[in-house]
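Only the coordinates and a few stated rules stand behind these numbers; no lab work does. None of these values were measured; they are calculated from a predicted model. Heads up, the Cβs are rebuilt from the backbone with ideal geometry, glycines too, and the neighbour counts pull from every protein chain shown.
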């Protein structure tokens, strides 16, 4: 996912900090901050692959206007060459960055929220046959769903009302259920 970062960390070219943060030469302070936050999240997930010191140095340099001006003057050979590269970088960095941030947000949300979030993202429909994930025993078919069901122990969670083979109905936490297939 971050191969562009891994390759730019190994090469210290004139625009290294812009490549490390995956922003264009004309990036605003807000774009730099968003990219930096994205990379910090990615660093937590892949500690051994990313150089957080280099990412931090790039952010500190590009977020401070004086340091950035000095860095640009020192690293850019000519304004014409820089403007050619700037167009190519800025055309692709914004959509890619936005999609990457959305993907990381969803992944973090599912990981942090755990089973309850997974249950909210995976929905079952009336008539689906479900079973418990732990012991794979068949539970029954879906009758209804409540996003905030209160169980007898006081817990509140997404839940499905299932009709079992004998006709009795029982509420089960959504995070514990998996689909078998459509009932006929």
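Data overview
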quantity	calculated
Ranked list, fewest to most other Cβ atoms within 10 Å of each Cβ, for 147, 100	147, 100
Added length on full extension, which subtracts the Cα-Cα distance from 0.36 nm per residue, residue 146 to residue 170	7.4 nm
Ranking of 72, 148, 64 by count of other Cβ atoms within 10 Å, fewest first	148, 64, 72
